[in-house]
Amino acid sequence: IIFGNSIFILRLSSIIISLIGLTALSLIAKNIFKLRNWWLTPLIFLVSPCWFFHARIAFDSTICIGFLAIFSYCYLSYRCISSRWAIATICTFFLTFYSHNASQIIMPLLGLSLFIFDFKYHWQNRRQLIIQGITTIFTK
């Protein structure tokens with residue numbers, strides 16, 4: 001709305017979110033899994049014809065996958081680095097949830113699964129979990 005309706009802006013926004021998602025995947029490989037060859041992660045996606053095709057024509061699935069990568073990085077950072085990533089995790093959860101119709105089914109199932117499997121960790125950080133709950137209430 002700010003920049004008007006143009007195919008350039010549509011493609012540009014898709015490319016920017018895709019690149020941020022690729023950066024998030026690279027950071028997962030580097031910071032979470034501590035891989036030596038973390039820099040290969042974006043290269044594999046960039047040479048993939050499917051990723052190039054979808055990012056160029058600005059399908060909404062590319063935006064969904066980009067947001068899902070960002071959510072994955074935020075959640076893994078919350079889980080492995082610091083509980084301060086809780087707010088970023090919940091915000092990227094909702095960005096992913098609203099980015100595509102299929103993610104409105106996938107994200108609640110993923111969120112419930114992560115909550116159940118990591119319940120012990122969440123219980124140890126219940127103060128941060130309360131903040132997440134309050135954030136969730138105000139974002140709806």
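The values are calculated or read from the model by the stated rules, or taken from the named source; none is laboratory data. Every value quoted in this text rests on a predicted model; they were computed, and no experiment measured them. So basically every Cβ, Gly included, is an ideal-geometry build from the backbone, and we count neighbours across all protein chains shown. Heads up: the accessible areas ignore ligands, DNA and RNA and are worked out on the full protein's heavy atoms, side chains in. Shrake-Rupley method; radii C 1.70, N 1.55, O 1.52, S 1.80 Å.
The set of residues in the stretch 20-42 that are free of Cβ contacts under 8 Å to residues at least 24 places away in the same chain and either open to solvent by 80 Å² or more (accessible area, probe 1.4 Å) or not in a helix (DSSP H, G or I) (or both) comprises Lys30, Phe33, Lys34, Leu35, Arg36, Asn37, Trp38, Trp39.
Conditions (1) open to solvent by 60 Å² or more (accessible area, probe 1.4 Å); (2) over 18 Å from Asn31 (Cβ atoms); (3) assigned to a helix (DSSP H, G or I); (4) aliphatic (A, V, I, L, M), marked per residue:
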| site | (1), (2), (3), (4) |
| --- | --- |
| Thr62 | no, yes, yes, no |
| Tyr73 | no, no, yes, no |
| Arg84 | yes, no, yes, no |
| Ile90 | no, yes, yes, yes |
| Asn101 | yes, yes, no, no |
| Ile105 | yes, yes, yes, yes |
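All conditions in (1) more than 19 Å from His100 (Cβ to Cβ); (2) surrounded by fewer than 16 Cβ atoms within 10 Å (Cβ to Cβ); (3) at pLDDT 80 or above hold for Phe3, with the sole exception of (3). Of all the criteria given as (1) at pLDDT 90 or above; (2) more than 27 Å from Leu114 (Cβ to Cβ), the one not satisfied by Ile20 is (2).
Taking every residue in the stretch 101-125 that is at negative phi and pairing it with any residue that is open to solvent by 60 Å² or more (accessible area, probe 1.4 Å) and assigned to a loop (DSSP other than H, G, I, E, B), at least 6 positions away or on another chain, the pairs with Cβ-Cβ distances below 9 Å are Gln104/Tyr98.
The set of residues from the stretch 43-58 being without any contact (Cβ under 8 Å) to a residue 40 or more places away in the chain and surrounded by 15 or more Cβ atoms within 10 Å (Cβ to Cβ) comprises Phe45, Trp51, His54.
For the stretch 116-126, a tally of residues being open to solvent by less than 80 Å² (accessible area, probe 1.4 Å) and in a helix (DSSP H, G or I) returns 2.
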